[in-house]
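Working notes, structure below.
The values are calculated or read from the model by the stated rules, or taken from the named source; none is laboratory data. Remember, it's a predicted structure, so these values are computed and weren't measured experimentally. Methodologically, a virtual Cβ is constructed for each residue, glycine included, from the backbone with ideal geometry; neighbour enumeration extends over all protein chains shown. Surface areas here come from the heavy atoms of the whole protein model, side chains and all, with no ligands, DNA or RNA. Shrake-Rupley method; radii C 1.70, N 1.55, O 1.52, S 1.80 Å.
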Amino acid sequence: MKHLTIGLWFALASCHRDPPADVKTVTASSADPTSEEYVAPELPKGRVLLRDAYGGTHAVDVEIATTTPSRNRGMMWRRELADGKGMLFVFAKDDEHGFWMRNTLIPLDMLFIDSSEKIVGIVAQATPRSLTNRTVGRPSRYVLEVPGGWSEKRGIIAGSKVEIQGASMLPVDP
């Protein structure tokens, strides 16, 4: 009986293994897309072409946020955003969308774009790390975030037309 008990103990002990080093343990903070520790999946890429008030066109290469976690995360915890880069938030339908700057470390311009690809309003130079709800009070289907001051420098105004490339075939969370 003694040999059976010792054998059983060794068999059970050998079944316990530590997870491989490349497997991350999921904690509450690493599963929360707004936490600094969260490792976000790579987002789809696209491009937005914007017409300025003078007839010129400006391109912004974007990451496209179509899921609830990617839209919740947004530009949080980023220390810089290069000129000509941004993030495009895509929603299932036109609605009045509000944004805040919690855990966002850099000022941003937010361009609210309706389903006809027209800018319906702009929030310029949104203050980092604030909980103020920012909206333009008009329905939009897309919100483009670019570096703070970018819109004014390029003559992008409400009513400007845009062309969104790379977002039409992506599934969108409601």
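Evaluate the following for HIS58: is it in a loop (DSSP other than H, G, I, E, B) and surrounded by 18 or more Cβ atoms within 10 Å (Cβ to Cβ)? Working first, answer last.
Working: in a loop (DSSP other than H, G, I, E, B): no; surrounded by 18 or more Cβ atoms within 10 Å (Cβ to Cβ): yes.
Here the answer is no, as HIS58 does not meet what is asked.
Inside region 82-92, can you point out the residues that are under 13 Å from the mean Cα position of the chain (by Cα) and either surrounded by fewer than 20 Cβ atoms within 10 Å (Cβ to Cβ) or not β-branched (Val, Ile, Thr) (or both)? Spell out the reasoning first.
Within region 82-92, the first condition is being under 13 Å from the mean Cα position of the chain (by Cα), and the residues that meet it are 85-91.
LYS85, GLY86, MET87, LEU88, PHE89, PHE91, listed by residue number.
ARG129 is checked against (1) in a strand (DSSP E or B); (2) open to solvent by 10 Å² or more (accessible area, probe 1.4 Å); (3) more than 20 Å from THR67 (Cβ to Cβ) and fails just one. What number does that condition carry?
With respect to (1) in a strand (DSSP E or B); (2) open to solvent by 10 Å² or more (accessible area, probe 1.4 Å); (3) more than 20 Å from THR67 (Cβ to Cβ), ARG129 is out only on (1).
For region 96-106, state whether one or more residues are part of a strand (DSSP E or B), modelled with pLDDT of 95 or more and not hydrophobic (A, V, I, L, M, F, W, C). Explain how you work it out, then say what you get.
First, pick out the residues of region 96-106 that are part of a strand (DSSP E or B): 99.
Cutting the leftovers down to modelled with pLDDT of 95 or more gives us none.
Looking through region 96-106, none of the residues is part of a strand (DSSP E or B), modelled with pLDDT of 95 or more and not hydrophobic (A, V, I, L, M, F, W, C).
Got at least one residue in region 107-120 being in contact with a helix residue (DSSP H, G or I) (Cβ under 7 Å, 6 or more places away or on another chain), at negative phi and surrounded by 15 or more Cβ atoms within 10 Å (Cβ to Cβ)?
Yes.
Kindly indicate the residue of region 132-145 that is open to solvent by 20 Å² or more (accessible area, probe 1.4 Å) and among the β-branched types (Val, Ile, Thr) and also modelled with the lowest pLDDT among those meeting that condition.
Only one residue fits best here, namely THR132.
Considering only region 93-106, state which residues are on the phi < 0 side of the Ramachandran plot and open to solvent by less than 60 Å² (accessible area, probe 1.4 Å).
ASP94, HIS97, GLY98, PHE99, MET101, THR104, LEU105, ILE106
With the requirement that a residue be open to solvent by less than 10 Å² (accessible area, probe 1.4 Å) and assigned to a strand (DSSP E or B), what does region 146-161 give you?
If the condition is that a residue be open to solvent by less than 10 Å² (accessible area, probe 1.4 Å) and assigned to a strand (DSSP E or B), then VAL146 is the only one that fits.
Check region 52-66 and report whether any residue there is over 22 Å from ASP114 (Cβ atoms), modelled with pLDDT under 95, within 13 Å of the chain's Cα centre (by Cα) and not polar (S, T, N, Q).
Checked against the condition, which is being over 22 Å from ASP114 (Cβ atoms), modelled with pLDDT under 95, within 13 Å of the chain's Cα centre (by Cα) and not polar (S, T, N, Q), region 52-66 yields no hits at all.
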